Amino acid sequence: MSSSVTPATLDYLARRLDELAAQFPTSPDTVDLVTLTDDIGVLAHHLQHAIERAQERFTTPQTVYPPERAALTRLARAAAGIARALDTLAEALTYATTGFQREAVEDLAHSPLRNDPEVLRIMTAEKYVAARARLRHTAAALRAPSTPAPAGPSTPRTTGLRTQPAAVPQTRQQNRH
């Protein structure tokens, strides 16, 4: 039998995301290309693990009851947040590599900024900060208590036939006669 996705599972993932985000550099001086690629790999691992966990649970959907379905929904939203953070780190990697120098400042062909590694490090650090914010937001959403399902209508719906037809309001034109 598959293991279930519980609030403890979500909390564990939230802690891992917070730990990773806390290690992200916030200044250009601490940006390192090797560490950036490692961070991308770790984040990709977390994303893959979250997706595999959800897939594993839905191999027998009849055993996934509403509380776990809510947890799986939160896990899916977290996977989307992780994917957005991964995208941001991929942009950081692009800024940090020399192949992006032509695209980084395309209208400044003769500018000394075009090949300035410090400018690219600044841009990379800004992407790291954005990815950190995304991961912290995702971790907070994982920790948040699940929101209850929206309340249904105050009166129960009937599925049977009505005994009397619904009243049809008269239009102004009918009232004039």
For Val42 and Ala133, compute 0.36 nm times the residue count separating them, minus their Cα-Cα distance, and round to one decimal in nm. 31.1 nm
Determine Rg/Rh for the range 23-101; Rg is computed over alpha-carbon atoms and Rh is the Kirkwood hydrodynamic estimate from the same atoms. 1.15
For a quick protection proxy, order the peptides 129-135, 8-14, 26-32 by their average other-Cβ count within 10 Å, most packed first. 129-135, 8-14, 26-32
Sum of side-chain charges, Asp87 neighbourhood, beta-carbon under 12 Å (Lys, Arg +1; Asp, Glu -1): +2
Quick one: length gained pulling Thr59 to Thr73 fully straight, 0.36 nm per residue minus the C-alpha distance? 3.5 nm
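Only the coordinates and a few stated rules stand behind these numbers; no lab work does. The structure presented is a predicted model; accordingly, all values stated were derived computationally and were not measured. All Cβ positions, even for glycine, are placed from backbone atoms using ideal geometry, and neighbour counts span all protein chains on display.
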